[in-house]
Amino acid sequence: MYRERIREYFDVHFDEVLKSMKEIMLIDSTFQNPKEGMPFGEGSAKALEWGAEFGRRLGMNVKNFDNYAISMDFMEGEPKLGILSHLDVVPACDGWHYPPFDCTVDGENIYGRGAIDDKGPSVAVLYAIKCIKELGIPIRDNIRVIFGGNEEGGCEDIEYYETKEKFPPMVFTPDGTFPVLNCEKGMLHLSFSGNVDMKGSDGFEVRGISAGTVVNAIPDKAECRCVGVTSDELEKAFLQADTECDIEICDSDELSFVIKGRSAHGSRPENGANAVTALLKILSLLGVEGARMLSKLFPHGEYNGKSIGMGFSDSISGEMTCALTILGVNSTMLNGGIDIRFPIDKKLDEITKIITEALENSGFSVDEADGMEPHYVSEDSPFVKALLEVYKDVKGEEGECLAEGGITYVHNTDGGVAFGAEFPDEKNNMHGADEHISIETMKYNLNMYANAIIKICGGL
C-alpha cells in the first residue's frame, strides 16, 4: 500500500541519508580507555549521543543507559517490535584507500568503517522512522530502537541493558544477512599449548613460528624460522604439499620463510586458504613430529573437524566448521587457537569434550575455552514469516531463511533474528580495509526497514 511512496521518499532524500552517514562515521567509536560515565571510552559515548539526538529530533522518547546503550520509543506503550543495532566499530587496519573514519562515495559504493557494520544500517533504521513520520503513515503499536556501544567488544552493552529493560517480544537486527537469518550455529573458541618435538630430518629444526592474530579469522600469513635446510629443499616440500598458498624464502644463517594464504572469517574457512595448516603440511613433509601431530588433527583443506572426531551436520544449520587459526612456536613450546561453529542439534559441552580429548590424546593441554550455544527461531514463526513477506514485496523475489556460523547481535536474544544488512555473497570487506556498502544495498536497507515496521506495527 505504501511501498511506492516509501521508495520515492528515499530516492528524494538519499543525500540526507549520506549526510547522516557521514556524521556518525566521522566519530571514531572503537573501544577506548573507559572514563567516568563512559564505559567503552569517549568515542562510543559520542556515537550513542549522536543516535540519541537524532531520536530526539524525531520526537522519540530517548533513554540513555549509562552510555552502555540507548533506547528510543516511537510512541507510548509497551513496544511490539525492537530493532537492535550498534554504533561501535572495530579499529581501522592497514590497506585503506579511503579515510576509514569518514563516509566516501566512490562510484556505486559508500566507503568507511561501519558502512556495513553497523553504522550504515543504523542510519537506515533511523530514516525508516523518519520516513514513516513525514509521510504520515499510521502506526498502531510502539517500536523501540536500541543502539549499543560495545557489540564489537563482547556485548557488555546489551548485558547491561537487559538488567534495566526487557526486550520487546519481536526483535530484529541489521547485523546479519537478508532475507532472514534465523539460525546461528554454536561457537567454541579454544586455546591450547604443549611441548612438542620441532626437529625434522637431517638436522632440520624449527626455531620459531608466528601465525594468526585473532581466533575468529583464517590467517593469510604464517612465518617460520628454521635451520638445517636449504631453500631448494624447502621449495621442493612446498611444491609437494600443493596447498594453494604462496611462499617467500629468505636464505641466511637462519633460514626464514613466509607462507601466504587467503584470509576469511573464522565461520567460513572454506572461503580462505589457511596459511597455518599449509605450513604444518610442509613441515610434516620435512619430518617435524610436532607439525605432523597437529596436521593429523587439522589436515590442510579440511574444514569440518572430521579428523578430530566431529564432522557434524544437520538439515537446518548445515555442516559444522573447525579451523586452526593461531599457531605460535618458541623453541619446543607450542600454542594455538581454534575456531569451531557447530550445528543446532549439538551442545557446547559435547563439542568441548570431543576437541579437548583429541588434543589431550596428542599431548596438548587446553588453556581456555569459551563459547555459545546455537541460536534458532523457527521459520514458521509469524515474525519470521512477516519479514520474509516484506523481503518479497521490496526485493521482488521469494526469500528463504538462512543459517550461518557467524554470531549476530541477537544471538543471545530469545526470538531474535537478523534482517539484513547485506545480501548473500556480497563482499563488503566487513572488519577489513575499504569496508563499504553499495548504494543499491543501502537503499534496500532503507526500504526493507520502513516496510517491516509498517508490516508489523502499522495500521489503526
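The values are calculated or read from the model by the stated rules, or taken from the named source; none is laboratory data. Bear in mind the structure is a predicted one, so any value in this text is a computation, not a measurement. Glycine gets a Cβ as well: all are built from the backbone with ideal geometry, and neighbour counts include every protein chain shown. We work out accessible area using only protein heavy atoms, side chains counted, and drop any ligands, DNA or RNA first. Shrake-Rupley method; radii C 1.70, N 1.55, O 1.52, S 1.80 Å.
Condition check ((1) hydrophobic (A, V, I, L, M, F, W, C); (2) modelled with pLDDT of 95 or more) across all residues:
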{"residue": "ARG3", "(1), (2)": "no, no"}
{"residue": "ASP11", "(1), (2)": "no, yes"}
{"residue": "LEU18", "(1), (2)": "yes, yes"}
{"residue": "LYS46", "(1), (2)": "no, yes"}
{"residue": "PHE54", "(1), (2)": "yes, yes"}
{"residue": "PHE65", "(1), (2)": "yes, yes"}
{"residue": "ILE70", "(1), (2)": "yes, yes"}
{"residue": "PRO99", "(1), (2)": "no, yes"}
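Can you pull out the residues in region 421-445 that are outside any strand (DSSP E or B), acidic (Asp, Glu) and surrounded by 21 or more Cβ atoms within 10 Å (Cβ to Cβ)?
Residue satisfying the conditions is GLU435 alone.
Please list, ordered by residue number, the strands (runs of 3 or more DSSP E) wholly in region 122-206 having 2 or more residues that are more than 26 Å from the chain's Cα centre (by Cα) and of a type outside the set (A, V, I, L, M, F, W, C).
Answer list for region 122-206: 186-195.
Any residue that is out of contact with any strand residue (DSSP E or B) (no Cβ under 8 Å at 6 or more places or on another chain) and open to solvent by 40 Å² or more (accessible area, probe 1.4 Å) - is there at least one of those in region 118-134?
Checked against the condition, which is being out of contact with any strand residue (DSSP E or B) (no Cβ under 8 Å at 6 or more places or on another chain) and open to solvent by 40 Å² or more (accessible area, probe 1.4 Å), region 118-134 yields at least one hit.
So which pairs qualify, if the first residue must be in region 13-37 and under 26 Å from TYR160 (Cβ atoms), the second must be of a type in the set (Phe, Trp, Tyr) and part of a helix (DSSP H, G or I), the Cβ gap must be under 7 Å, and the two must be at least 6 apart or on different chains?
GLU23/TRP50; ILE24/TRP50; ILE27/TRP50
Quick one: count up the residues across region 373-426 that are closer than 16 Å to PRO168 by Cβ and among the acidic types (Asp, Glu).
Total meeting the criteria: 1.
Residues MET170, MET187, MET198: which one is touching a residue at least 12 places away in the same chain (Cβ under 8 Å), farther than 30 Å from GLU400 by Cβ and open to solvent by less than 70 Å² (accessible area, probe 1.4 Å)?
Exactly one of MET170, MET187, MET198 is touching a residue at least 12 places away in the same chain (Cβ under 8 Å), farther than 30 Å from GLU400 by Cβ and open to solvent by less than 70 Å² (accessible area, probe 1.4 Å), namely MET198.
Where in region 324-420 are there strands (runs of 3 or more DSSP E), lying fully within it, with 1 or more residues that are buried (at least 22 other Cβ atoms within 10 Å of the Cβ), under 22 Å from the mean Cα position of the chain (by Cα) and β-branched (Val, Ile, Thr)?
Per the criteria, 333-342.
Just to confirm my filter: which helices (runs of 4 or more DSSP H) fall fully inside region 210-322 and include at least 2 residues that are under 22 Å from SER365 (Cα atoms)?
Qualifying helices (runs of 4 or more DSSP H): 275-285, 289-297.
Conditions (1) of a type in the set (D, E, K, R); (2) more than 23 Å from LYS296 (Cβ to Cβ); (3) out of contact with any strand residue (DSSP E or B) (no Cβ under 8 Å at 6 or more places or on another chain), marked per residue:
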residue: GLU205; (1), (2), (3): yes, no, no
residue: GLY208; (1), (2), (3): no, no, no
residue: THR213; (1), (2), (3): no, yes, no
residue: CYS224; (1), (2), (3): no, no, no
residue: LEU234; (1), (2), (3): no, no, no
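Out of GLY305, GLY272, GLY266, GLY261, which single residue is at positive phi, among the small types (Gly, Ala, Ser) and surrounded by 15 or more Cβ atoms within 10 Å (Cβ to Cβ)?
Unique residue meeting the criteria: GLY305.
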